[in-house]
1. Take the conditions basic (Lys, Arg), in contact with a helix residue (DSSP H, G or I) (Cβ under 9 Å, 6 or more places away or on another chain) and at pLDDT 95 or above and apply them to LYS182. Does it pass?
2. Determine whether ALA161 is part of a loop (DSSP other than H, G, I, E, B) and among the small types (Gly, Ala, Ser).
3. Kindly evaluate SER148 against the criterion of being in a loop (DSSP other than H, G, I, E, B), open to solvent by less than 50 Å² (accessible area, probe 1.4 Å) and away from the ligand (no atom under 13 Å from the Cβ).
4. Kindly indicate which of TYR173, TYR186 is within 18 Å of CYS18 (Cα to Cα), within 14 Å of the ligand (Cβ to nearest atom) and without any contact (Cβ under 8 Å) to a residue 60 or more places away in the chain.
5. Has region 101-122 got any residue that is at pLDDT below 95 and away from the ligand (no atom under 12 Å from the Cβ)?
6. Kindly provide the set of residues from region 189-198 that are more than 15 Å from the ligand (Cβ to nearest atom) and under 18 Å from VAL110 (Cβ atoms), ordered by number.
Amino acid sequence: MPLPEKYYVSYNCVHKLCKKSAEELLERIGKPDLIIGIGGGGFIPARILRTFLKHDGEKNIPIQAIGLSLYEDMGNQDTIGTEIVRTQWLDFGALEKNFDSLIGKNILIVDEVDDTRTTLHYALSELYKDINEKAKSLGRDIHDTKFSIFVVHNKMKAKRADIDESMMNGGVYLSGEDVPDKWIAYPWEANDIDDHTRRAVEQGHD
Ligand code: 5GP
């Protein structure tokens, strides 16, 4: 049986989707104070997005990296459970020293693709939890801390987890494009970038 065809995406396509989405984000939530890229796929979109989220002469928006790994394991009743492990997280101490506390900030979380939504669910709830704990210890309120999420692609499929809007405090979820449930081949994973780009152009994703 032939392998299902992948959905090839060029660098240009990612760039254009980030540009278009940055305009919408500026309209809907304003300029973020901090971008958090989920590694590794969220790093390049986070950096591209930053270009379009600031106006000439303004300071660059800081980007922080976090890393999460998913492990699928068989649960007690033969159900598949997903365990997520933080492989890299925010250094709150360094952030507070060099930037500020994240309480009251406009925070944008970026990843390349929303597949089952497990990663985004986890990233939002864990960031919320950590910042809420900090806020409580200082007698402050987390409710003016806005969390938004941007993904380059959202796969149209049943999701395994939800994004809890009550944690977003007025932030938004935005995808550059909603796409069919196929494996997306990103340019930064390509061995032969010329061949990859040719396929993306043939599929109209350039
Ligand atoms: P989740 O299922 O938690 O939404 O996605 C987990 C991670 O799996 C994503 O951050 C991404 O790194 C990877 N992933 C899921 N679907 C795709 C895909 O179609 N293409 C690529 N390259 N990675 C994917």
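The values are calculated or read from the model by the stated rules, or taken from the named source; none is laboratory data. The structure presented is a predicted model; accordingly, all values stated were derived computationally and were not measured. Note: ideal-geometry Cβ built from the backbone for every residue, glycine included; neighbour counts use all protein chains shown. The protein model used for the area step is the full one, side chains on, heavy atoms only, and it has no ligands, DNA or RNA in it. Shrake-Rupley method; radii C 1.70, N 1.55, O 1.52, S 1.80 Å.
1. no
2. Numbers: part of a loop (DSSP other than H, G, I, E, B): yes; among the small types (Gly, Ala, Ser): yes.
Answer is yes for this residue.
3. no
4. Every option except TYR173 fails the conditions.
5. Yes, some residue in region 101-122 is at pLDDT below 95 and away from the ligand (no atom under 12 Å from the Cβ).
6. None - no residue of region 189-198 is more than 15 Å from the ligand (Cβ to nearest atom) and under 18 Å from VAL110 (Cβ atoms), so the list stays empty.
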